[in-house]
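S.K.: One structure, as structure tokens, below. Some questions next.
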Amino acid sequence: MVIVKSSSALNSINFQNPFAFVPTMGNLHEGHLSLIKFAKENYSEVIASIFVNPLQFGKNEDFASYPKTLDKDIEILEDLECNYLFLPEPNFAENLEIINPNFSDVLCGLSRPTHFHGVLTIIDKFLRLIKPNACLFGLKDYQQQLIIRDYVHRKKLRTDIISLPIIRENSGLAMSSRNNYLSKDDREYCGKIYSCIKKTAESLKTSSVKIATKQATDFLQNAGFEMDYLKILDADNLSEISERTNKILIAVAVNYKKVRLIDNILVSL
Ligand code: AMP
């Protein structure tokens, strides 16, 4: 694997087409690996990046303490035969014009009002620099991939946005680098989040959105989760469910022992 440490060095690479790009913040787990594996299977070459993007963290969030395991990450990527790893310079996020996303005034965008601006600004820089045929994202961050897909479409960037399934721990908890902040027992316990949204998807067959939302929220609160939101929305545009809705998103964000955990499930109608 070739490790590229500057934007200028990227320009001299002749990627074999079609090639895929997998942006990450490192501390790689099976969720990230599923993206790299998909890229290896479906594209001629794969470039991953590891960059803890300061622009997407709020003032009181965990930017400084975000888990960093670079040596281990490099080993994992080597094992998967990833072709390139881009490690941007620390000033990569400096002096950028911040981009305003669509779909950022709901869900995570409400409690993290600058988060998606930061994500989109960096992804835009990556895409213009690397110009990959495809860029791969996990559905775990559903709102993120929707925002990026919308932006790429509006700006007519020539990159396919590919969204891949959520990889989970045995308990059902969606894998995340932030799960490292929790003990093994806590991670087991937090499997309740996924069971809850699965059950909510079932109950939508007989209950209204309002009742299903309340039941799920009550369940999680009683189980000791501090709610940010549990929302049932139109998956295509994150608006309220209407007669035009053909795919439902059940999305949840909670804090457990001060660790922010998100998850979601899609229901086709
Ligand atoms: P991050 O390092 O958290 O920025 O994540 C990098 C990419 O991995 C994003 O596209 C995430 O959506 C994706 N990802 C993170 N966790 C998972 C997971 N459990 N399953 C699938 N994709 C994931």
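S.K.: How much length is gained on full extension from Asn170 to Asp218, taking 0.36 nm per residue of separation minus their Cα-Cα distance?
M.R.: Numbers: separation 48, 0.36 × 48 = 17.28 nm, distance 2.44 nm.
Gain on stretching Asn170 to Asp218: 14.8 nm.
S.K.: Positive end of the charge dipole of the chain (Lys, Arg +1 and Asp, Glu -1 on Cβ, about the Cα centre): tell me which of Ser8, Ile232, Ile147 has its Cα farthest that way.
M.R.: Ile232
S.K.: Related question: Below 29 Å, Cα to Cα, which lysines can Lys68 reach? Residues fewer than 8 away in the same chain don't count.
M.R.: Cα-Cα hits under 29 Å: Lys5, Lys37, Lys40, Lys59, Lys125, Lys131, Lys140, Lys184, Lys192, Lys257, Lys258.
S.K.: Based solely on its DSSP helices, what 222 nm [θ] is calculated for the chain when runs of n ≥ 4 H residues each add -39,500 (n - 2.57) and the sum is averaged over all residues, nearest 500 deg cm²/dmol? Kindly include the intermediate steps, with their values, before the conclusion.
M.R.: Working: 9 runs with 94 residues, N = 269.
The helix contribution divided over the chain gives -10500 deg cm²/dmol.
S.K.: Follow-up question, since we're still on this one. For the chain, would you read off the P(r) tail past 33 Å as a percentage of all alpha carbon pairs? Intermediate results must be reported in sequence, preceding the final value.
M.R.: On the way: 7478 of 36046 pairs.
Pairs farther apart than 33 Å: 21 percent.
S.K.: Moving on. Between beta-carbons, use under 13 Å as the cut-off and find the net charge around Lys247, counting Lys and Arg +1, Asp and Glu -1.
M.R.: Working: positive: Arg244; negative: Asp234, Asp236.
Once positives and negatives cancel, what remains is -1.
S.K.: Scan around Ile3 for amide H atoms under 5 Å from its own, H built in the peptide plane at 1.01 Å from N, and keep only partners 5 or more places away or cross-chain.
M.R.: Amide H neighbours of Ile3: Leu85.
S.K.: Quick check on the exposure proxy: order Asp141, Asp124, Asp186 from fewest to most C-beta atoms within 10 angstrom.
M.R.: Values: Asp141 21, Asp124 18, Asp186 15.
The order, fewest Cβ neighbours first, is Asp186, Asp124, Asp141.
Every read-out reported here was derived from the displayed coordinates using simple, explicitly stated rules and does not represent laboratory data. The structure displayed is predicted, hence computed values, not measured ones. For neighbour counting, all protein chains shown are included, and Cβ atoms are generated from backbone atoms with ideal geometry for every residue, glycine included.
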